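Participant: The structure is given below, and queries will be raised subsequently.
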Amino acid sequence: MFEVGEALGRLWRRSPYLRTHYAQELQLTYYTNFRVAALGLGGLLLVGLPLWAHGYLLTLAVFVLIYLIGAVGLQVVTGLAGQLSLGQAAFMAVGAFVGGAAHFHLGTPFPVNALLAVATGGFCGYVLSFPALRFRGIYLAVVTLAFHFIVITLLREYQLFLQTRFGTLRDIVLPDPAFGPLVLGSDRAWYWFLLAAALAVLLMAANLVRSPYGRAWVAIRDHDVGAEAVGLDVRWYKRRAFVVSSALTALAGCLHAYYTHTVSADNYGLTLAVMYLAMVIVGGLGSLRGAVWGTLFVVLTPELLSGLLRGTAIARDPEAVRMAVFAGLLITFLLAEPKGLEAVRQRVWNYFELWPFKYRPLEGSRR
Amino acid sequence: MGEVVRLLIDLASLGGLYAFLAAGYVVAYRTSGVVNFAYPACVLVGAYLTASLYELTDSWPLALAAGLGLGALAGLGFYLGLLRPLTGQPRTSAVMMTVGLLFLIEALARLNWRGATVFMPLPGAGTGWTVSGQLVRAHDLALAAAPVGLALLLTLFYRLTRLGISMRAVAENPVLAARRGVDIELALGLSWVVATAVAVLAGVLAGAKGPVNPGLVQVSIKAFAVALVGGLDSVAGLVPGALVVAGAEVLAVRYLGPHLAEAVPFAVLLGVLTLRPWGLCGSREEIYRV
Amino acid sequence: MTRALVELQGVEVVYHRVATAIQGVSLTVASGGVTAIIGVNGAGKTTTLKAISGFLGTEDARVTAGRILFEGREITGWPPHRTARLGVALVPEREKVFETLTVEENLRVSCPPDRDWSEAFDLFPRLAELRRRPAGYLSGGEKQMLALAMALLGRPRLLMVDELSLGLAPAVTARLLGELLRLRRELGFTLLLVEQNAAIALAVADYGYVMEDGRVVFAGTAERLRQHGDIREFYLGYREGEDVRSYREVKQYRRKRRWWS
């Protein structure tokens, strides 16, 4: 009787800090009743979003999910592995162009094009890693910046070449992607597809973090010379980080191109690369949850704020307003909360979860 | 023959512009240890501002002085308001701050001047000579000579004056400099003032090359590549770096077309960095100090 | 006892609001003399120096209790430029010179405007041969010489040297210390040495403090410290007789004995 009671009690009052089985150590995250309920509710809300959000809001949600995939890529290379990269826009463009060109020249369906885009993106990341491995810090950022300009210029040439040779007055036009009979024709369909894709990407990234790759990257980020001294093949892991990140971003680019139905080099300027960096910084460098918060914040806030300013004189140049808001966001976060939204969330969360206790448990004892 | 002369003139004027623009990056890096990504926007606004001031006052010395003064004040404001609160944080935070600043200033430029193309009515416009059938404008010569003068001035300042050496010391190790009695606030504030003043000057000089429009931002970004090719901490590298990059670009425009030539400075940058990571004239140790 | 130049009364320093580095530290630095603070790594010696010179702010540390007095005036929590104006100079343990600047430029930066920086060559003639060399390429001993020269150019009242012997061969250390003491007699400043190498510190000091785990556990004249059995054993490395205690025994021994007597 006592054992049953104890087992029931254990079930009911599951503590995230007390682990009694090895399986609990291996779990991705811990489960308390509150957590399970919250996750379930959140999941329902997310899946049901298209039912109550229409038009512009739904489009925004779709963009958030697309950018999230790229942001996770950037988080892997910059937040986890510590390699500051300004090449996100270039990789997105690569993904978009490969997807578009495959459709244009080969006529292959969407899944094949997406795979090709991912593979090419990964390859470009591999190419970039050669010069990038030699530098750290700001010089690395500059190398990626140079890469950005070279890639965009080359892609723009290709675009011009297409226009002159094939006489396309506009740029490559992409149809709705089709998985056999399933066609992503509406925002709703896109949203659900992207929700699944983004979740898959996040899960993959979360597992990467817990794997030897993740540990190696964190070691390299914190002290790459020391990591090499301990025996890590730093070059190999850095290369991996670049490849994974560029593959993910290329996927995001391909999805972006298919969603907007156009492929144009003008969409992928330096502003986009900086926007990505802002996403991971505002969200919290090094954390996947931070990538989510950051993407939400960076994509939604300028839109909302410029929506508020609509009608005033400034609104005549919405691009400029968006730029200014975005810059203001970045500056505010750098001044006020350099560790990002994730740190804020953790503080708030800890306060409520630990109340009435005040002190956080030691690092590493909870996830 | 005329071809060669044309190429040389283009090289001289473009190289001069690049060198002068690149000087802004080097000045900022040498004296504050921060790569100033807001520089391209500062150049554009500096150019626009000075042109607008000239329309107001109809006098070049006054417009230039006012432009420099406002630029210096802005630089001081940036330092006090945005960069000083970041002391103690890693350098990448300060660099990200300048990136945020870049967008803020660019947005301001767009809102205020709305992408206008402005002609900088500099004195001496219209004067020129013909060499081998090619027009050499007085402005082209000014563009070629200005950065040399600036580089000399900066070298003298940083090597010989106490203030210049103190600024270099502060950039390397502010805490040690403070221990040894250097006023780090003064040094850092001054470095930002000088950086923005150079930006205004560079913007005005860019007006000598052609009309001022938002494309100047892209030119300034290419000048960043020039600064790195020469060596980010080296004033002596400004002219060689600019000549190499401008030379490559001028040849590329001639043989590859203007679109592809846009990527040439960055290709040169990658090439130079791969072979010599600290730039042509930079110091080896800089790389490891990053 | 001569006049006290610097006095710490029950000073406590906390890093990042959670980690106490030193606690209840009270010490007196006699004017014109040589005072030594010895202790192992992490004892809090460098923090004490930083608290006196005012450089805690850059590392998110604060003096949370106690007072620091300079010639009777309270200077607790004073910012670095004010303590520098009083004549407090600190030669830090690491990063003591500007590596990208030449020796000459290093000296020019450290010299107050009303003085001639080439005086440093009178203090340390060796530096004159190295004037054009970038400081990063100097040997350890030469860097320490340069750092001392830079600090002394400002004619400080109090010179605090953190780990003079760090990374230096014993012969070099001895020579440098000799030079430093000679200069002290000439220029008349007070010297506060923080050292792990207790032997040389106690050889030159007038008065000494032993710090452990952020507290001062022993104080006395250098002579007394040199004779004290525990200090001889644990800081000076002497062993009594034949019995070499094993590591485990020593630990227990330390826990049992109390230092203050």
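The values are calculated or read from the model by the stated rules, or taken from the named source; none is laboratory data. Computed from a prediction, not measured in an experiment: that's the story for all the values here. Using ideal geometry, Cβ is built from the backbone for each residue, glycine included, and neighbour counts are taken over all protein chains shown. Heads up: the accessible areas ignore ligands, DNA and RNA and are worked out on the full protein's heavy atoms, side chains in. Shrake-Rupley method; radii C 1.70, N 1.55, O 1.52, S 1.80 Å.
Participant: Among the residues of region A:213-251, how many are open to solvent by 80 Å² or more (accessible area, probe 1.4 Å) and either of a type in the set (Val, Ile, Thr) or within 21 Å of the chain's Cα centre (by Cα) (or both)? Even if it seems obvious, please write down each step before you answer.
Facilitator: Going residue by residue through region A:213-251, those that are open to solvent by 80 Å² or more (accessible area, probe 1.4 Å) are A:215, A:221-223, A:225, A:228-230, A:233, A:235-236, A:240.
Retained after the next criterion (residues that are either of a type in the set (Val, Ile, Thr) or within 21 Å of the chain's Cα centre (by Cα) (or both)): A:215, A:221, A:225, A:230, A:240.
So the answer is 5.
Participant: Would it be correct to say that C:Gly136 is of a type outside the set (A, V, I, L, M) and closer than 23 Å to C:Leu49 by Cα?
Facilitator: Numbers: of a type outside the set (A, V, I, L, M): yes; closer than 23 Å to C:Leu49 by Cα: no.
Against the criterion (of a type outside the set (A, V, I, L, M) and closer than 23 Å to C:Leu49 by Cα), C:Gly136 does not qualify.
Participant: From the set of residues in region C:104-133 that are outside any loop (DSSP other than H, G, I, E, B) and within 12 Å of chain B (Cβ to nearest Cβ), which is most open to solvent (accessible area, probe 1.4 Å)?
Facilitator: At the first step, the residues of region C:104-133 found to be outside any loop (DSSP other than H, G, I, E, B) are C:104-110, C:119-123, C:126-129.
Applying the additional criterion that residues be within 12 Å of chain B (Cβ to nearest Cβ) yields C:104-110.
Details: C:Glu104: 30, C:Glu105: 19, C:Asn106: 0, C:Leu107: 0, C:Arg108: 55, C:Val109: 0, C:Ser110: 7 Å².
Among those residues, the one meeting the criterion is C:Arg108.
Participant: For region B:121-136, how many residues are surrounded by 14 or more Cβ atoms within 10 Å (Cβ to Cβ) and hydrophobic (A, V, I, L, M, F, W, C)?
Facilitator: Just the residues of region B:121-136 that are surrounded by 14 or more Cβ atoms within 10 Å (Cβ to Cβ), to begin with: B:122, B:125, B:128, B:131, B:134, B:136.
Still in the list and also hydrophobic (A, V, I, L, M, F, W, C): B:122, B:125, B:131, B:136.
Result for region B:121-136: 4.
Participant: What's the number of the only condition in (1) within 13 Å of chain B (Cβ to nearest Cβ); (2) β-branched (Val, Ile, Thr); (3) under 18 Å from the mean Cα position of the chain (by Cα) that A:Val321 fails to meet?
Facilitator: It is condition (3) that A:Val321 fails.
Participant: Which of the residues belonging to region B:265-290 are hydrophobic (A, V, I, L, M, F, W, C), within 13 Å of chain A (Cβ to nearest Cβ) and under 21 Å from B:Gly24 (Cβ atoms)?
Facilitator: From region B:265-290, those hydrophobic (A, V, I, L, M, F, W, C) are B:266-270, B:272-273, B:275, B:278, B:280-281, B:287, B:290; that's our starting set.
Then keep just the ones that are within 13 Å of chain A (Cβ to nearest Cβ); that gives B:266-270, B:272-273, B:275, B:278, B:287, B:290.
Correct list: B:Phe266, B:Val268, B:Leu269, B:Val272, B:Leu273, B:Trp278, B:Val290.
Participant: While we're on this one: Can you tell me how many residues within region A:261-281 are in a helix (DSSP H, G or I) and in contact with a strand residue (DSSP E or B) (Cβ under 8 Å, 6 or more places away or on another chain)? Steps first, answer last, please.
Facilitator: First, the residues of region A:261-281 that are in a helix (DSSP H, G or I): A:265-267, A:270-281.
Narrowing the set further to residues that are in contact with a strand residue (DSSP E or B) (Cβ under 8 Å, 6 or more places away or on another chain) leaves none.
Here the count works out to 0.
Participant: Another one. Counting only residues that are open to solvent by 10 Å² or more (accessible area, probe 1.4 Å) and among the hydrophobic types (A, V, I, L, M, F, W, C), which one in region A:126-144 is farthest from B:Pro265 (Cα to Cα)? It would help to see each step written out before you state the result.
Facilitator: Taking region A:126-144 and keeping what is open to solvent by 10 Å² or more (accessible area, probe 1.4 Å), we get A:126-127, A:130-131, A:133-134, A:136-138.
With the extra rule that they be among the hydrophobic types (A, V, I, L, M, F, W, C), the set shrinks to A:127, A:130, A:133, A:138.
Values: A:Val127: 19, A:Phe130: 19, A:Leu133: 21, A:Ile138: 18 Å.
It comes out as A:Leu133.
So that you can scan it fast, the table gives a plain yes or no per residue for (1) assigned to a helix (DSSP H, G or I); (2) within 9 Å of chain A (Cβ to nearest Cβ):
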| position | (1), (2) |
| --- | --- |
| B:Val26 | yes, no |
| B:Asn36 | no, no |
| B:Pro61 | yes, no |
| B:Leu82 | yes, yes |
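Participant: Give me a count of the residues in region A:179-207 that are open to solvent by less than 30 Å² (accessible area, probe 1.4 Å) and at pLDDT 85 or above. Break it down stepwise before answering.
Facilitator: In the first step, residues of region A:179-207 are kept if they are open to solvent by less than 30 Å² (accessible area, probe 1.4 Å); the result is A:184, A:189-191, A:194-195, A:197-198, A:201, A:205-206.
After this cut, where a residue has to be at pLDDT 85 or above as well, the list is A:189-191, A:194-195, A:197-198, A:201, A:205-206.
Looking only at that region, the number is 10.
Participant: What is the residue count in region B:164-220 for residues that are farther than 30 Å from C:Val91 by Cα and within 14 Å of another protein chain (Cβ to nearest Cβ)?
Facilitator: Qualifying residue count for the region: 6.
Participant: Here's a follow-up. Does region B:114-123 include one or more residues that are over 30 Å from C:Glu105 (Cα atoms) and either part of a helix (DSSP H, G or I) or touching a Leu at 6+ places or on another chain (Cβ under 7 Å) (or both)? Even if it seems obvious, please write down each step before you answer.
Facilitator: Within region B:114-123, the first condition is being over 30 Å from C:Glu105 (Cα atoms), and the residues that meet it are B:114-123.
Among the residues that remain, those that are also either part of a helix (DSSP H, G or I) or touching a Leu at 6+ places or on another chain (Cβ under 7 Å) (or both) are: none.
No, region B:114-123 contains no residue that is over 30 Å from C:Glu105 (Cα atoms) and either part of a helix (DSSP H, G or I) or touching a Leu at 6+ places or on another chain (Cβ under 7 Å) (or both).
Participant: Here's another thing I want to ask about it. Can you go through B:Leu70, B:Leu8, B:Leu14, B:Leu76 and tell me which one is part of a helix (DSSP H, G or I), at pLDDT below 90 and either open to solvent by 40 Å² or more (accessible area, probe 1.4 Å) or out of contact with any Cys (no Cβ under 7 Å at 6 or more places or on another chain) (or both)? If you could, list the steps in order and put the result at the bottom.
Facilitator: Details: B:Leu70 fails: at pLDDT below 90; B:Leu14 fails: at pLDDT below 90; B:Leu76 fails: at pLDDT below 90.
Being part of a helix (DSSP H, G or I), at pLDDT below 90 and either open to solvent by 40 Å² or more (accessible area, probe 1.4 Å) or out of contact with any Cys (no Cβ under 7 Å at 6 or more places or on another chain) (or both) holds for just one of B:Leu70, B:Leu8, B:Leu14, B:Leu76, which is B:Leu8.
Participant: A follow-up question, please. Looking only at region B:137-169, count how many residues are open to solvent by 40 Å² or more (accessible area, probe 1.4 Å), assigned to a helix (DSSP H, G or I) and more than 30 Å from B:Leu11 (Cβ to Cβ).
Facilitator: Total satisfying the criteria: 3.
Residue-wise test of (1) at pLDDT 90 or above; (2) in contact with a helix residue (DSSP H, G or I) (Cβ under 7 Å, 6 or more places away or on another chain).
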{"residue": "B:Ala169", "(1), (2)": "yes, yes"}
{"residue": "B:Asn173", "(1), (2)": "no, no"}
{"residue": "B:Ala178", "(1), (2)": "no, yes"}
{"residue": "B:Gly181", "(1), (2)": "no, yes"}
{"residue": "B:Glu185", "(1), (2)": "no, no"}
{"residue": "B:Val193", "(1), (2)": "yes, yes"}
{"residue": "B:Val198", "(1), (2)": "yes, yes"}
{"residue": "B:Gly203", "(1), (2)": "yes, yes"}
{"residue": "B:Ala208", "(1), (2)": "no, yes"}
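Participant: Also: Mind checking which pairs have a first residue in region A:134-158 that is closer than 21 Å to A:Asp222 by Cβ and within 7 Å of chain B (Cβ to nearest Cβ) and a second that is surrounded by fewer than 23 Cβ atoms within 10 Å (Cβ to Cβ) and among the basic types (Lys, Arg), Cβ under 8 Å, 6 or more apart or different chains?
Facilitator: Taking only residues 6 or more apart or on different chains, the pairs are A:Gly137/B:Arg91; A:Ile138/B:Arg91.
Participant: Can you tell me which residue in region B:89-113 is farthest from the other protein chains (Cβ to nearest Cβ), limited to those that are assigned to a helix (DSSP H, G or I) and open to solvent by 70 Å² or more (accessible area, probe 1.4 Å)?
Facilitator: B:Asn112
Participant: For region A:17-125, which helices (runs of 4 or more DSSP H) that fit wholly inside it have 1 or more residues that are in contact (Cβ under 8 Å) with a residue 60 or more places away in the chain, open to solvent by less than 20 Å² (accessible area, probe 1.4 Å) and of a type outside the set (A, V, I, L, M)? Give the steps one after another, and end with the answer.
Facilitator: Working: elements: A:22-26, A:33-47, A:49-52, A:55-74, A:88-101.
Correct list: A:49-52, A:55-74, A:88-101.
Participant: Would you list the helices (runs of 4 or more DSSP H) that sit entirely within region C:134-241 and hold 1 or more residues that are among the hydroxyl-bearing types (Ser, Thr, Tyr)? Spell out how you get there, then give the answer.
Facilitator: Working: elements: C:140-153, C:170-187, C:198-204, C:222-227, C:229-234.
Passing ranges, in order: C:170-187.
Participant: Here is a list: C:Gly72, C:Gly77, C:Gly66, C:Gly136. Which entry is touching an Asp or Glu at 6+ places or on another chain (Cβ under 6 Å) and away from every other protein chain (no Cβ under 12 Å)?
Facilitator: Only one candidate qualifies: C:Gly66.
Participant: Of the residues that sit in region C:80-94 and are assigned to a helix (DSSP H, G or I) and more than 11 Å from chain B (Cβ to nearest Cβ), which one is most open to solvent (accessible area, probe 1.4 Å)? Steps first, answer last, please.
Facilitator: At the first step, the residues of region C:80-94 found to be assigned to a helix (DSSP H, G or I) are C:80-86.
If we keep only those that are more than 11 Å from chain B (Cβ to nearest Cβ) too, we end up with C:82, C:86.
Details: C:Arg82: 103, C:Leu86: 31 Å².
This residue is C:Arg82.
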